[in-house]
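Please read the structure below before turning to the comments.
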Amino acid sequence: MTTRTIEVAVLARVEGEGALTLVLDGATVVDAKLKLFEPPRLFEALMRGRACTEAPDITARICGICPVAYEMSSCHAVEDALGVSVGGALRELRRLLYCGEWIESHVLHMVMLHAPDFLGFPDAMTLAKHHPERVRGSLRIKKAGNAIVATLGGREIHPVNVKVGGFYRAPRRAELAALLPDLRAARAEAEETLAWLATFEFPTFERDYELVSLRHPTEYPMNEGRLVSTKGLDIDVHDFGAHIHEHQVAHSTALQAQIVGRGSYQSGPLARFVQNADRLSPGAAAAAARVGLDPSCRNPFRMLLVRGVETIYALDEAIRIIEAYAPPAESCVPLVMRAGTGHAVTEAPRGILYHRYVLDEAGIVQDAQIAPPTSQNQRGIEEDLLAMGPMLASLSLEAATRRAEHAIRNYDPCISCSTHFLTLRFEQLGTP
Amino acid sequence: MTAETGVTAETTEAAVVVGIGQLAAGDDGVGLAVARVLAARGVETRESADASVLLSLLEAGRRVVLVDAVAGAGAPGSVLQLDVGALASGPTPLSSHGIGVAEALELARTLYGAQSVARVEIVGVAITRPGGASSFGLSPAVAAAVEPAAALAASLAEER
């Protein structure tokens, strides 16, 4: 058997900068390294010494695709430390904002970034030439999601209306109602998009994953719930650090994560769907059934369809929240500073996003930990590639390279989010 | 066609001025600076870090004046009126993230037809390519170009 090496110097159609090295010995992948070489972002250190109320605005800058996720996890973690609970209409508005982000992020990934892999096109531009109506439709869906974020968040990218305790200003009912026609049109487009995606050919591949997501008593999870897995994890988010450890690897500026005593795990759309399919809206559940998705799915390539189902769910949920919306009396709950430690996990489009803040009595951040979904998924992506040896061995080097990139994009990696950590080691010259 | 409708057909609606750039990338923020100057004067504007904003405007049939930084187009601070067709072979407007201007226009041409792109005019401000480090604010030469670029963009955007 010959040894073949797949090298992708710069991964395309992912957010941020990464590379891949894969060494194949016959049908065995002997080495798989997803190299996230984007410079470290150092946001955890940046948070130290800042007021806890600055956390949502500062951490939102980690990502232009999923700023809402950073705002939500940071708000919930700080509120946890301060002993504050946000309910009623304010809680619903947060969920609506998250729906907007899921819609825009999922549809961008499904159609513009991932669909070209399934159809053998090099990029979205070529896809647009062959399927202009689908691309036009996806842009209209994305616009409806963007409009939620712009209306509720103040602008489309890095929204500015979110604060610890709620919002700077709660929208009027008419402002949200104005979004409904486009959301309803997007709902119909999302059904058509999913039906089109379901016509793709999905590589046969499964792994015995530990899938980790939030689980809420009544809702498909976004902001709250216990952290559960397909292999028995069932913990309060306060215990995240006791069960999930992050560690450095030499080839990446992002930490990798594993469940203590077990190993890698995967979070994201597949994990959410598998563990929460019974919490979908009736329309989204019916859509899942139509494309043959059920909670037994362990094929990461089919995560494309799960994103389509979650897009439909997010549109249903956004419409439901807006139709029932009555503006709150106050746009935020009052905050009283105190010393404490707060934790939160929310469901970013790509998976679970954990924040922990240690505050002093004045509410100044003494320590911060941020575990983004892509760093948590990173080791599992490498393990997917290690398990893909037989599939890749039958392909030409060019086709195998494309398939490996395709497999990485199953997880919609957001590399800029993940590369926030760096340990500096100083060595004294002349010391033995 | 009646004389009245003929007159209407020759009238062009006011354009949206779209400023593209990154405030944290020094002179790359000049497109945003121009958009802010014009917004204060009541001109309809959009600001974006990338050119994806063009797609929804062109789908809606809007006329667009795009203002962006251009590297390798002469002395920093030079104000240029660029031809849409020359983008691919000419100086490349910078976009540090997301979809670039040339890509957005090509996508619009594919999705919404050549006539959608014919409604775009581009004002470029020459800058030197930003370095790796983040920096806020414009260099003196590029800051001095904000007013002439705004004047050019405003004249192109006017209803006529």
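General remarks:
- Only one entry of A:GLU156, A:GLU175 meets the criterion of being free of Cβ contacts under 8 Å to residues at least 60 places away in the same chain, more than 14 Å from chain B (Cβ to nearest Cβ) and closer than 30 Å to A:THR53 by Cα, and that entry is A:GLU175.
- Residues being outside any loop (DSSP other than H, G, I, E, B), more than 13 Å from the chain's Cα centre (by Cα), at pLDDT 85 or above and within 14 Å of chain A (Cβ to nearest Cβ) - total across the stretch B:94-135: 9
- Residue match in the stretch A:136-148 (condition: more than 14 Å from every other protein chain (Cβ to nearest Cβ) and buried (at least 16 other Cβ atoms within 10 Å of the Cβ)): yes
- With respect to the conditions (1) more than 26 Å from A:VAL86 (Cα to Cα); (2) not in a loop (DSSP other than H, G, I, E, B), A:VAL212 falls short on a single one, namely (1).
- Any hit, the stretch A:40-48, residues being at positive phi and touching a residue at least 60 places away in the same chain (Cβ under 8 Å): yes
- Each residue in the stretch B:21-51 was checked for being within 19 Å of B:GLU103 (Cα to Cα), out of contact with any helix residue (DSSP H, G or I) (no Cβ under 6 Å at 6 or more places or on another chain) and either touching a residue at least 40 places away in the same chain (Cβ under 8 Å) or part of a helix (DSSP H, G or I) (or both), and 4 pass.
- Flag if A:GLU398 is assigned to a helix (DSSP H, G or I), more than 17 Å from A:PRO221 (Cβ to Cβ) and either among the aromatic types (Phe, Trp, Tyr) or free of Cβ contacts under 8 Å to residues at least 40 places away in the same chain (or both): yes
- Residue selected from the stretch A:57-66 under the condition in a helix (DSSP H, G or I) and surrounded by fewer than 24 Cβ atoms within 10 Å (Cβ to Cβ), by the criterion nearest to the chain's Cα centre (by Cα): A:ALA60
- Only one of the listed residues (A:ALA329, A:ALA288, A:ALA348) is within 23 Å of A:PHE205 (Cα to Cα), among the small types (Gly, Ala, Ser) and modelled with pLDDT of 95 or more. That residue is A:ALA288.
- Selected residue (criterion: surrounded by the most Cβ atoms within 10 Å (Cβ to Cβ)) from residues of the stretch A:397-413 that are touching a helix residue (DSSP H, G or I) at 6+ places or on another chain (Cβ under 7 Å) and small (Gly, Ala, Ser): A:ALA404
- Restricting the stretch B:44-59 to residues that are facing chain A (nearest Cβ under 10 Å) and aliphatic (A, V, I, L, M), the residue that is nearest to B:ALA24 (Cα to Cα): B:ALA49
Each row is one residue, and each column tells you yes or no for (1) assigned to a loop (DSSP other than H, G, I, E, B); (2) among the hydroxyl-bearing types (Ser, Thr, Tyr); (3) at pLDDT 95 or above; (4) surrounded by fewer than 16 Cβ atoms within 10 Å (Cβ to Cβ).
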position: A:MET1; (1), (2), (3), (4): yes, no, no, yes
position: A:ARG13; (1), (2), (3), (4): yes, no, no, no
position: A:VAL30; (1), (2), (3), (4): no, no, no, yes
position: A:GLU38; (1), (2), (3), (4): yes, no, no, no
position: A:SER73; (1), (2), (3), (4): no, yes, yes, no
position: A:HIS76; (1), (2), (3), (4): no, no, yes, no
position: A:ALA81; (1), (2), (3), (4): no, no, yes, no
position: A:GLU92; (1), (2), (3), (4): no, no, yes, no
position: A:LEU96; (1), (2), (3), (4): no, no, yes, no
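- Answer from A:ALA284, A:ALA271, A:ALA277 - the residue that is in contact with a Leu (Cβ under 6 Å, 6 or more places away or on another chain) and in a helix (DSSP H, G or I): A:ALA271
- Some residue of the stretch A:315-329 being in contact with a strand residue (DSSP E or B) (Cβ under 9 Å, 6 or more places away or on another chain) and within 20 Å of A:MET222 (Cβ to Cβ): yes
- Residues that are more than 17 Å from the chain's Cα centre (by Cα) and more than 15 Å from A:GLN369 (Cα to Cα) were ranked within the stretch A:67-83; the one that is nearest to the other protein chains (Cβ to nearest Cβ) is A:GLU79.
- Checked against (1) among the hydrophobic types (A, V, I, L, M, F, W, C); (2) in a loop (DSSP other than H, G, I, E, B); (3) loosely packed, with under 13 Cβ neighbours inside 10 Å, A:ALA242 passes all but a single condition, namely (2).
- Residues being more than 10 Å from every other protein chain (Cβ to nearest Cβ), in a helix (DSSP H, G or I) and surrounded by 15 or more Cβ atoms within 10 Å (Cβ to Cβ) - total across the stretch A:117-133: 2
- Considering A:VAL333, A:VAL345, A:VAL358, the condition of being on the phi < 0 side of the Ramachandran plot and in contact with a helix residue (DSSP H, G or I) (Cβ under 6 Å, 6 or more places away or on another chain) is satisfied by A:VAL345 alone.
- Any hit, the stretch A:262-274, residues being closer than 21 Å to A:ALA407 by Cβ, of a type in the set (Gly, Ala, Ser) and free of Cβ contacts under 8 Å to residues at least 40 places away in the same chain: no
- Of all residues in the stretch A:186-204, one or more are farther than 29 Å from A:ILE141 by Cα and either among the hydroxyl-bearing types (Ser, Thr, Tyr) or in contact (Cβ under 8 Å) with a residue 60 or more places away in the chain (or both).
- The lone exception for A:THR204 - which of (1) exposed (fewer than 15 other Cβ atoms within 10 Å of the Cβ); (2) within 26 Å of A:ARG320 (Cβ to Cβ) it fails: (2)
- Qualifying residue in the stretch A:80-101 (condition: of a type in the set (Asp, Glu), closer than 16 Å to A:LEU353 by Cα and out of contact with any helix residue (DSSP H, G or I) (no Cβ under 7 Å at 6 or more places or on another chain)): yes
The values are calculated or read from the model by the stated rules, or taken from the named source; none is laboratory data. Everything numeric in this text was worked out from a predicted model, so none of it was measured. FYI the Cβ positions are ideal-geometry reconstructions off the backbone, even for glycines, and counts take in every protein chain you see.
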